[in-house]
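Comments concern the structure below.
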Amino acid sequence: MYKKKECVAMLLAGGQGSRLYTLTEKNAKPAVPFGGKYRIIDFTLSNCINSGIDTVGVLTQYQPLVLNEYIGNGQPWDLDRNHGGVTVLPPYQGNKTADWYKGTANAIYQNINFISRYDPDYVLVLSGDHIYKMDYSLMLDYHKAKGADATIAVIDVPIEEASRFGIMNTEEDGKIYEFEEKPPKPKSTKASMGIYIFTKDKLFDYLRADEADEKSSKDFGKNIIPTMLAAGEKMYAYPFAGYWKDVGTLSSLWEANMDLLGKEPIFDLSDRSWRIFSRNDAQAPQYIGPDASVVNVIITEGCEIYGIVENSILFGGVKIARGACVRDSILMSGVTVGAGATVEYTIVDSDTRLGAGCSIGERREKGGDVTVIGSELTIDGGMKIEAGAQINAAALAALKK
Amino acid sequence: MSVAGILFTGLHRGSFTDIMERTVATLPFLCRYRMIDFALSNMVNADITNVNVITKDDYHSLIEHIGSGKDWDLARRSGGLTMLPPYLNTNTASGLQSSPRLSELKNVYPSLSFKEDHVVLCDCDTVCSIDLNEIVNDHIAHDADITVAVKNQFVTPEQSRNTIIFDADENGRIFDTSINPSNESGYRNVSINIMVIKTDYLMAIIDDSIAHGYGSFSRDVIAKRADRRNFRIYQYDGAISTIADFNDYYNVSMRMLADRDLRNAVFNVKNRPVYTRVRNSVPTKYHAGCAVHNSLIADGCTIEGRVENSILFRGVKVGRGTVVKNSILFQDTLTGENVELNCVVTDRGVVIRDGRKLSGHESLPFYIGKGKMI
């Protein structure tokens, strides 16, 4: 027995996020840690529950182990429900075909049965790789008020950056008359956020037609949206104002983390009216040692700090020894920094050990790229890692030779 | 081997009960815990998943804290966490007065039933990470009726008044029991308020105590029947801190802060995490201009001032120019700018406005009650 839901959310979480390099080697992009105790997907899942959407399908494909384990039964987000809740939807073997998800549209197409169980009027399509707080229920109200077939959330971007996005050209009332993917000469600054609401029946019609089209690349941005537009469906752009960041590159991931710092941060997580939920470990409180210095830092449970930390984000269980100095960096859970080590402008992935006296990266002011150290590595004492280096197990082995 | 657990949350009504209006079980401890978390986590970490929590009066904050038990992984279809508030009828006349364990068991007798062979009984007045299975295994290996866990420690006559001391022969069999003695001193086997009992024997004791009006395990059972029954001690030699009054509370907290090894012996034992209620606090922010030294800090705090030798619970704000020393600030304590605190314990939601200076002394910390504004 399934209860009817007005709106079902489908969260595309299968992307590899290849521009995050070693951070997504063993991990899907939505599961990449963020902001001291979160993972990227927490923002979308929390937005769903805060918007009153309690039925979420999470489509996984690339390196799903961590993500599956993390989502579990959905309890941290209050999505462990008798009716609805969160359901992880990996590709599956059907009685005629067994297919990987070939594109975003195909991923939803393969799960039409899942959506149909809840008999929703609307389907919200989301991607799990942005940092933002958004009330989807307002967008749904907008969709209903406009009597739209599809509504696409857009955000104003600077005109000089507009050619990096999918741009919606709209009439005054928000009706979309043209969609341009990465236009060289953008006519508007309304960039698609990759958030769509469809009236269910229309969506299913276009998904089925797209599936039958062998030339289609089965993608919402490339196929479904342009086809619907060409067919004259009612499509509206929903303007969103607020913080929204694609953390698809190392520099944007670093920046988005740093946006949390400061007394009046660019992006505020402490807003009690829109909480971001995450799965919590049972760790001891954080301890700041007698000679430690922590300035403009975010620190999480389980950390033990004896050294100097500035302008940084520390995840749970990070240990920083006496005399070590960490600046402009992101240290993910369980990272240890040995005595006297310096870490500058670096992202260090989980459970990596940085030996005593090692030197990682270079001061950010020198203008180099962010340095990245992969997970579960051991950097020997005294070792030097050049600024901008991307160290995974193979690169480290080569360096040690 | 199958083991059930019983937790007593209404005992040990020490001076913190008068000062802080809290039972020891719900006393907030070390940034994010409540005292009951240690006993509950010890049970869960020993795979004891049928846990019965016996409450007294004033158990609303306990129920709020524990909820369904899911944060301890005790929200189970079978077994899991059961709350047992007092059940009153003519057999349970002891009513709502403070009473020993056996009386509390009599109060809930109609609700007790175990399919497990043994029951671990535990109070909530100690901070420790203890492997309960070792006590249970020792109990089974010696075919004991009751095994009480003790720690051999030095007591002064003054301290001994708050203790129960067991004397055992070289094989560990109890031959004498001293309850709240005033003349004991030296190294003695002091009860740490954890015991293991055969289930059948436990039920028989409760039955018998209803008929005879008994109320105390130590006085009416262990002291009286030691010659006929196999009552044993289990020597625990790990770290344990008992909190009996408000000064203990302050001193034990400060010792946990000062002694890293002691902290690790409770919080960093492999496979034995300490669980507590998940609050989804944001991480803590240390702003430019802050200075924090030798302090334990929970998530969700915002620190702009100076914090030394202090313990901050979740959601505490330390304003600009403020100095907090040797103090314990409970959840959501807000301090304004240029505040000075020394040896102060603020309860939940206390607000200290700009420029206020408050000080207690290490031997007499100054306590500020829930929600007070100064």
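Do you know which residues across the stretch A:287-310 are open to solvent by 20 Å² or more (accessible area, probe 1.4 Å) and either of a type outside the set (D, E, K, R) or touching a residue at least 60 places away in the same chain (Cβ under 8 Å) (or both)? Matches in the stretch A:287-310: A:Pro290, A:Ser293, A:Val295, A:Asn296, A:Tyr306, A:Ile308. Testing B:Arg353 on (1) surrounded by fewer than 17 Cβ atoms within 10 Å (Cβ to Cβ); (2) within 27 Å of the chain's Cα centre (by Cα); (3) touching a residue at least 12 places away in the same chain (Cβ under 8 Å); (4) away from every other protein chain (no Cβ under 12 Å), one condition comes back false. Which one is that? It is condition (2) that B:Arg353 fails.
Contact map, the stretch B:252-271: first residue on the phi > 0 side of the Ramachandran plot, second residue assigned to a helix (DSSP H, G or I), Cβ cut-off under 8 Å, separation 6 or more or different chains; pairs are B:Asn271/B:Asn45.
Test B:Glu340 against the criterion of being touching a strand residue (DSSP E or B) at 6+ places or on another chain (Cβ under 7 Å), surrounded by fewer than 24 Cβ atoms within 10 Å (Cβ to Cβ) and within 13 Å of another protein chain (Cβ to nearest Cβ), and give yes or no. Answer is no for this residue. Kindly check whether there is at least one residue in the stretch A:278-286 that is outside any loop (DSSP other than H, G, I, E, B), open to solvent by less than 20 Å² (accessible area, probe 1.4 Å) and modelled with pLDDT of 95 or more. Checked the stretch A:278-286: at least one residue is outside any loop (DSSP other than H, G, I, E, B), open to solvent by less than 20 Å² (accessible area, probe 1.4 Å) and modelled with pLDDT of 95 or more.
Kindly check whether there is at least one residue in the stretch A:66-79 that is over 25 Å from B:Val278 (Cα atoms), within 17 Å of the chain's Cα centre (by Cα) and among the hydroxyl-bearing types (Ser, Thr, Tyr). No: zero hits.
Scanning the stretch B:276-308 for residues that are within 9 Å of chain A (Cβ to nearest Cβ), in a loop (DSSP other than H, G, I, E, B) and surrounded by fewer than 19 Cβ atoms within 10 Å (Cβ to Cβ) returns B:Val278, B:Arg279, B:Asn280, B:His287, B:Ala288, B:Gly289, B:Asn294.
Filter the stretch B:237-264 down to the residues that are in contact with an Asp or Glu (Cβ under 9 Å, 6 or more places away or on another chain) and within 13 Å of chain A (Cβ to nearest Cβ) and list them by number. Of everything in the stretch B:237-264, just one residue is in contact with an Asp or Glu (Cβ under 9 Å, 6 or more places away or on another chain) and within 13 Å of chain A (Cβ to nearest Cβ), namely B:Arg260. Filtered by the rule that a residue be more than 10 Å from every other protein chain (Cβ to nearest Cβ), farther than 14 Å from B:Ala291 by Cα and over 24 Å from the mean Cα position of the chain (by Cα), the stretch A:296-322 gives A:Lys319, A:Ile320, A:Ala321, A:Arg322.
Against the list (1) within 12 Å of chain A (Cβ to nearest Cβ); (2) under 25 Å from B:Trp72 (Cα atoms); (3) modelled with pLDDT of 95 or more; (4) in contact with a Pro (Cβ under 8 Å, 6 or more places away or on another chain), the condition B:Asp332 fails is (4). For first residues located in the stretch A:312-335 and within 16 Å of A:Gln286 (Cβ to Cβ) and in a strand (DSSP E or B), partners that are among the hydroxyl-bearing types (Ser, Thr, Tyr) and open to solvent by 20 Å² or more (accessible area, probe 1.4 Å) and lie 6+ apart or on another chain with Cβ distances below 8 Å form the pairs A:Lys319/A:Thr336; A:Ile320/A:Tyr306; A:Ile320/A:Thr336; A:Val326/A:Thr342. Out of the stretch B:277-293, which residues are of a type in the set (Ser, Thr, Tyr) and at pLDDT 95 or above? Within the stretch B:277-293, B:Thr284, B:Tyr286 meet the criteria. Residues that are within 29 Å of A:Leu260 (Cα to Cα), of a type in the set (Val, Ile, Thr) and open to solvent by 20 Å² or more (accessible area, probe 1.4 Å) occur at least once in the stretch A:65-78.
Quick check on my filter: what residues within the stretch A:115-133 are open to solvent by 10 Å² or more (accessible area, probe 1.4 Å), more than 13 Å from A:Met193 (Cβ to Cβ) and either under 9 Å from the mean Cα position of the chain (by Cα) or not small (Gly, Ala, Ser) (or both)? Even if it seems obvious, please write down each step before you answer.
Restricting attention to the stretch A:115-133, the residues satisfying the condition of being open to solvent by 10 Å² or more (accessible area, probe 1.4 Å) are A:116-119, A:121-122, A:127, A:129-130, A:133.
With the extra rule that they be more than 13 Å from A:Met193 (Cβ to Cβ), the set shrinks to A:116-119, A:121-122.
A:Arg117, A:Tyr118, A:Asp119, A:Asp121, A:Tyr122, listed by residue number.
Hey, any hits in the stretch A:86-105 for a residue that's within 25 Å of B:Ala75 (Cβ to Cβ) and open to solvent by 60 Å² or more (accessible area, probe 1.4 Å)? No: the stretch A:86-105 contains no residue that is within 25 Å of B:Ala75 (Cβ to Cβ) and open to solvent by 60 Å² or more (accessible area, probe 1.4 Å). Quick check on A:Tyr287: is it in contact with a strand residue (DSSP E or B) (Cβ under 7 Å, 6 or more places away or on another chain) and within 14 Å of chain B (Cβ to nearest Cβ)? Spelling it out, A:Tyr287 is indeed in contact with a strand residue (DSSP E or B) (Cβ under 7 Å, 6 or more places away or on another chain) and within 14 Å of chain B (Cβ to nearest Cβ). Taking the stretch A:34-64 as the range and being within 14 Å of another protein chain (Cβ to nearest Cβ), open to solvent by less than 40 Å² (accessible area, probe 1.4 Å) and not polar (S, T, N, Q) as the test, the residues that pass are A:Phe34, A:Gly35, A:Gly36, A:Lys37, A:Tyr38, A:Asp42, A:Phe43, A:Leu45, A:Ile49. Taking the criterion of being within 21 Å of A:Tyr345 (Cβ to Cβ) and open to solvent by less than 20 Å² (accessible area, probe 1.4 Å), the only residue of the stretch A:263-277 that qualifies is A:Phe267. Selection of the stretch A:365-385 for residues being surrounded by 14 or more Cβ atoms within 10 Å (Cβ to Cβ) and of a type in the set (Asp, Glu) yields A:Asp369, A:Asp380.
The values are calculated or read from the model by the stated rules, or taken from the named source; none is laboratory data. Source: prediction; values computed, not measured. Cβ coordinates were reconstructed from backbone atoms using ideal geometry, including for glycine residues, and neighbour counts include every protein chain displayed. These accessible areas exclude ligands, DNA and RNA; they are computed on the full protein's heavy atoms, side chains included. Shrake-Rupley method; radii C 1.70, N 1.55, O 1.52, S 1.80 Å.
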